[in-house]
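Undergrad: First the structure, which I've put down as structure tokens, then a few questions once you've had a look.
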């Protein structure tokens, strides 16, 4: 069997290599024409399966690099690209929720409700940080979040908005879980989906 590396969001698999050593594996993928390659040390490793955009630059991911010259690799760029776009959307959603829930805290009529929404907001901050870390691990870059949807100014409308948004977010996060085999991504978004479902219950309670 010809040695190959299969890499991308689904993890890194080494096939047919007798030796593997630890080292950095965040090198840019260069696609100057109809072929792609990545540099590591004094070696140039060629890619036999091109990304969807042959002029794009991607990062190779993983904790190991093979100690073998003349590698032939396969690159699953389409999987990585789709998931990264979804993670960007998730980061924007959490960023927007953090801002919106601070607004709702300011408008809430009782300290009990303020405290509960603040607990929810802390969960969203935790999600935001987790997703941002995932993004950086996958791309080697820091994502600049943006408000994806403005929070209603009035309190009741804001609660209704938050309730519906939490429900939609549960479905969205489970969609991400279904689109990757990466165990870390699955774990983070499954946990977040569970949190968002609990948040929806609280916002429905506040609406009564």
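The values are calculated or read from the model by the stated rules, or taken from the named source; none is laboratory data. Bear in mind that the values here come from a model prediction, so they are computed numbers and not experimental data. Cβ sites come from the backbone with ideal geometry, for glycine too, and all protein chains shown count toward neighbours.
Undergrad: Only one of these conditions is not met by residue 70: (1) within 25 Å of residue 192 (Cα to Cα); (2) modelled with pLDDT under 50. Which number is it?
TA: Only one criterion in (1) within 25 Å of residue 192 (Cα to Cα); (2) modelled with pLDDT under 50 is unmet by residue 70, namely (1).
Undergrad: Please state which of the following conditions residue 75 fails to meet, knowing it meets all the rest: (1) modelled with pLDDT of 95 or more; (2) surrounded by 13 or more Cβ atoms within 10 Å (Cβ to Cβ).
TA: (1) is the only condition that residue 75 fails.
Undergrad: Among (1) farther than 20 Å from residue 196 by Cα; (2) touching a helix residue (DSSP H, G or I) at 6+ places or on another chain (Cβ under 8 Å), where does residue 172 come up short?
TA: (1)
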